[in-house]
1. Any idea which residue in segment 49-67 is farthest from residue 143 (Cα to Cα), counting only those that are assigned to a strand (DSSP E or B) and at pLDDT 75 or above?
2. I need a count of the residues in segment 68-79 that are part of a loop (DSSP other than H, G, I, E, B) and buried (at least 20 other Cβ atoms within 10 Å of the Cβ).
3. Pick from 93, 82, 6, 42: which is over 20 Å from residue 144 (Cα atoms), part of a strand (DSSP E or B) and over 15 Å from the mean Cα position of the chain (by Cα)?
4. Which residues, taken from segment 10-39, are closer than 23 Å to residue 143 by Cα and part of a loop (DSSP other than H, G, I, E, B)?
5. Go through (1) under 17 Å from residue 135 (Cβ atoms); (2) modelled with pLDDT of 75 or more for residue 86 and report which single condition fails.
6. Can you give me the number of residues within segment 95-145 that are loosely packed, with under 13 Cβ neighbours inside 10 Å and at pLDDT 75 or above?
């Protein structure tokens, strides 16, 4: 029988402008997590590299449909990366700057703004934009589904 845990993540934002410090602290909890994975990967320049695949069968770097509850991908490189999030009908691309992160806590994506019919997340790919390639790290929290 699988063990379940609460997953907690914190976001702390701080800036001091003209002598005034501003910021927020956010703490979020996701219950019933039964699986967590993290990895550091090299991403070659010039081609898309699959980071996470979502399908109906489990496998290496692959998660079952509906199980993802939290994903964070951090660019550990000195140059930007292209992050491609693919859903059931098309894909979206995000430029993640050096030391930047892309975080989401849903398995649903919508590639257009014309309507809000959300489809299932299918894959996340990355492309290094530096000629030497890039490095990313990810953390995934999932349930058993």
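The values are calculated or read from the model by the stated rules, or taken from the named source; none is laboratory data. Just so it is clear, the model here is predicted, and its values are computed rather than measured. Cβ placement follows ideal geometry from the backbone for every residue including glycine, while neighbour counts extend to all protein chains displayed.
1. Out of the qualifying residues, it is 49.
2. To start, the set of residues in segment 68-79 that are part of a loop (DSSP other than H, G, I, E, B) comprises 76-79.
Now narrow it down to the ones that are buried (at least 20 other Cβ atoms within 10 Å of the Cβ): 77.
Qualifying residue count for the region: 1.
3. 42
4. Just the residues of segment 10-39 that are closer than 23 Å to residue 143 by Cα, to begin with: 10-11, 26-39.
Listed by number, the list holds a single entry, 34.
5. Status for residue 86: all satisfied but (1).
6. 6
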